[in-house]
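Scroll down for the structure; my scribbles are underneath it.
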Amino acid sequence: MSSYTQESAVTVLGLGPMGRALAGAFLDAGLRTTVWNRTPGRDRALVERGAVGAASVAEAVSASELTVVCVVDYDASDAVLRHPDATAALKGRTVLNLTADVPDRARDSAAWAGEHGITYLDGAIMTPTVTIGTPAAVFLYSGPEEAYRKHRSSLAALGGTQTHLGEEIGRAAAHDVALLDIFWTAMAGYAHALAVARAEGVTARELAPFAKGIAEILPQIFEAGAEDMATGTFSGEGNAITSAVSSMAHIVHASERHGIDAGVMRAAEGQARRVIGLGHGADGFMRVADMLARQARPGGAGQSAE
């Protein structure tokens, strides 16, 4: 039996794969769910499961105190939310924008919402559609804590781990871009590694078990790197950056010998050599992070002292 009352309601705007997964999780949890999508017809399966299909954005947001938005980017969410009819209907209600974009767009949208009497939360979904509604889902939120607490029981329908990161509205997006930086850089590295391996006669299936071994040592390296950034230690006792540069050069040479573009590794090697040029050759690789962070323009929102 659902723990939600019949009065529990949520609206979902945007019915791409992730939007459909979000709406489905709300339905499965027993929340009255209203859905809308710019392209007609995408709500059919959800309506058959019990969702209410709205004919307009204004109708959709009027049906619930909480509206969850999940579209391709903030250009798309602005086009939906800032339509005069939608803006008027949202006054006094809460928007949770789970659309992925950069932190400044979240801050701009929060400012707009405040000018129109709309409570605004931002969020990031850190796991694939298949995890939504399961214990494996991971959601990050930022913005007014009171609003998050008010809707936390409804958001629990989405499953998994849910973390409110603080009142500063850009924090969820900041985590999102940083974490996706790890993911896509790693995926680019793996794709490049498979290409180099094949050029040397090593199949992807042969390499994969050893690639998994590399992935398994990363958590402790991540923890140590975070400690380096927090303390400014950057010890190179185990592997000085001069040694790292040597192995990077080997990768570049092996790649380019086969005519494989080594631009990503050349960029990483270049950063490491700049650190050495600054007199930090005995330090560990995380000195690169310190160097890059020091290049950031001062005064950025949410900028920490680390």
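The values are calculated or read from the model by the stated rules, or taken from the named source; none is laboratory data. Computed from a predicted structure; not experimentally measured. Don't worry about glycine lacking a Cβ; one is built from the backbone with ideal geometry, like all the others, and counts go over all protein chains shown.
If you take just the helices (runs of 4 or more DSSP H) that sit entirely in the stretch 226-306, which of them hold at least 1 residues that are touching a residue at least 60 places away in the same chain (Cβ under 8 Å) and charged (D, E, K, R)? I'd like the intermediate steps shown before the answer.
Working: elements: 241-257, 263-277, 287-294.
Counting at least 1 such residues, we get 287-294.
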Q.
For the stretch 129-149, check the following and say yes or no: at least one residue is part of a helix (DSSP H, G or I), within 30 Å of residue 257 (Cβ to Cβ), among the hydrophobic types (A, V, I, L, M, F, W, C) and touching a residue at least 40 places away in the same chain (Cβ under 8 Å).
A. no
Q. Taking the stretch 67-107, which residues are outside any helix (DSSP H, G or I), over 14 Å from residue 142 (Cβ atoms) and within 17 Å of the chain's Cα centre (by Cα)?
A. 68, 69, 70, 71, 72, 73
(Q) Every residue in the stretch 201-221 that is closer than 27 Å to residue 257 by Cβ, of a type outside the set (Lys, Arg) and surrounded by fewer than 10 Cβ atoms within 10 Å (Cβ to Cβ), please. (A) 201, 209, 213
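Looking at 176, 122, which is the one that is surrounded by 14 or more Cβ atoms within 10 Å (Cβ to Cβ), in the same structural domain as residue 65 (by TED's automatic domain parsing), more than 30 Å from residue 257 (Cα to Cα) and charged (D, E, K, R)? Even if it seems obvious, please write down each step before you answer.
Working: 176 fails: in the same structural domain as residue 65 (by TED's automatic domain parsing).
Unique residue meeting the criteria: 122.
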Q) Does residue 80 satisfy the criteria of being crowded, with 17+ Cβ neighbours inside 10 Å and touching a residue at least 60 places away in the same chain (Cβ under 8 Å)? A) yes
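Could you please let me know if residue 110 is closer than 25 Å to residue 57 by Cα, in contact with an Asp or Glu (Cβ under 6 Å, 6 or more places away or on another chain) and outside any loop (DSSP other than H, G, I, E, B)?
Values: closer than 25 Å to residue 57 by Cα: yes; in contact with an Asp or Glu (Cβ under 6 Å, 6 or more places away or on another chain): no; outside any loop (DSSP other than H, G, I, E, B): yes.
Here the answer is no, as residue 110 does not meet what is asked.
So which of 66, 96 is crowded, with 18+ Cβ neighbours inside 10 Å, out of contact with any Ser or Thr (no Cβ under 6 Å at 6 or more places or on another chain), hydrophobic (A, V, I, L, M, F, W, C) and at pLDDT 95 or above? Let's see the steps before the verdict.
Working: 66 fails: out of contact with any Ser or Thr (no Cβ under 6 Å at 6 or more places or on another chain).
Exactly one residue qualifies, and that residue is 96.
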Q.
So the check is Cβ under 6 Å with 6+ separation or different chains; which pairs have a first residue in the stretch 184-196 that's more than 15 Å from residue 207 (Cα to Cα) and a second one that's assigned to a helix (DSSP H, G or I)?
A. 188/264
Q. When residue 75 is evaluated against the numbered criteria (1) free of Cβ contacts under 8 Å to residues at least 24 places away in the same chain; (2) surrounded by 15 or more Cβ atoms within 10 Å (Cβ to Cβ), which criterion, by number, is the only one it fails?
A. (2)
**Q.** Considering residues of the stretch 56-66 that are outside any strand (DSSP E or B), in contact (Cβ under 8 Å) with a residue 40 or more places away in the chain and of a type outside the set (S, T, N, Q) only, the residue nearest to residue 84 (Cα to Cα)
**A.** 57
